[in-house]
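Peer 1: Sharing a structure, written as structure tokens. Questions coming.
The values are calculated or read from the model by the stated rules, or taken from the named source; none is laboratory data. All figures in this text were calculated on a predicted structure; none of them were measured in a lab. All Cβ positions, even for glycine, are placed from backbone atoms using ideal geometry, and neighbour counts span all protein chains on display.
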Amino acid sequence: MPEPVTVALVLVASYLAGGVDFGVIVPRIMGVDIYSAGSGNPGTSNVFRSLGKGPALLVMVGDAAKGLGAAALGSLVVSDAVGFACVLAAVVGHILPVWHRFKGGRGVATAIGGLAWLAPWPGLIIAAVWLSIVVVLKIASAASLLAMILYVPAAVLQGHRGWALVWAGLTAAVVIVRHSANIRRLLSGAERRIAREATG
């Protein structure tokens, strides 16, 4: 099969897989419409606020697995650069999922999952930094933005160059832009902290 066709196929597959939104599926299994709960965002933070730690962990692992799978597909079938492009496609699929009326999350876990495959040790360090900030400050958006700022340096540290860094940079940029409202709230001191919402 010609390489351009192969690249197109792995990119489309990554986008479609990225659109499988565990932030929608897990709550739906539990009888909850996540779009009507909390902030209405189908992401790990809102699932935690609305349903607790267990469902949130399932969502986070599922979303990270999409990125890891996309990275593995692209890098094993074509090249590491295409692996990064596939992560970008999965992140776009997560943010604009064709399966969920193009209403998705912010793509952080999917992006970090991809980095865990393409830059394992730097990726794991970023994941640890993200988790530490979430635990200490309880502000997921701040942790996510820092993780995206470190995204390209992590790829460089792993030895990636050229187009791999272009796709990594675009992935980080897309996720940061998706956090525009969070950035405004952080600057105004109005960003919500992660806490389980009282029910009943």
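Peer 1: Select from the stretch 151-182 the residues that are modelled with pLDDT of 95 or more, over 14 Å from the mean Cα position of the chain (by Cα), of a type outside the set (Gly, Ala, Ser) and farther than 13 Å from ALA81 by Cβ and list them in ascending order.
Peer 2: VAL152, PRO153, VAL156, LEU157
Residues checked against (1) more than 26 Å from ILE139 (Cβ to Cβ); (2) among the β-branched types (Val, Ile, Thr); (3) surrounded by 24 or more Cβ atoms within 10 Å (Cβ to Cβ):
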| residue | (1), (2), (3) |
| --- | --- |
| SER14 | yes, no, yes |
| SER50 | no, no, no |
| VAL77 | yes, yes, no |
| LEU88 | no, no, yes |
| TRP99 | yes, no, no |
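Peer 1: Tell me which residues, restricted to the stretch 106-144, are in contact with a His (Cβ under 8 Å, 6 or more places away or on another chain) and either part of a helix (DSSP H, G or I) or farther than 19 Å from VAL82 by Cβ (or both).
Peer 2: ARG106, THR110, LEU118, SER141, SER144
Peer 1: For the stretch 16-37, name all the residues that are assigned to a loop (DSSP other than H, G, I, E, B), of a type in the set (Gly, Ala, Ser) and either surrounded by fewer than 17 Cβ atoms within 10 Å (Cβ to Cβ) or over 16 Å from the mean Cα position of the chain (by Cα) (or both).
Peer 2: Selection gives GLY31, ALA37.
Peer 1: Would you mention how many residues in the stretch 1-15 are free of Cβ contacts under 8 Å to residues at least 24 places away in the same chain and part of a helix (DSSP H, G or I)?
Peer 2: 4
Peer 1: Name the pairs: first residue in the stretch 172-187 and touching a residue at least 40 places away in the same chain (Cβ under 8 Å) and closer than 15 Å to GLY43 by Cα, second residue of a type outside the set (A, V, I, L, M, F, W, C) and assigned to a helix (DSSP H, G or I), Cβ to Cβ under 9 Å, at least 6 apart or on different chains?
Peer 2: Sorted first by the residue in the stretch 172-187, then by its partner, the pairs are VAL175/THR110; VAL175/SER144; VAL175/TYR151; HIS179/SER141; HIS179/SER144; ASN182/SER141; ASN182/SER144.
Peer 1: Kindly indicate whether ARG192 is in contact with a Ser or Thr (Cβ under 8 Å, 6 or more places away or on another chain) and of a type in the set (Lys, Arg).
Peer 2: Here the answer is yes, as ARG192 does meet what is asked.
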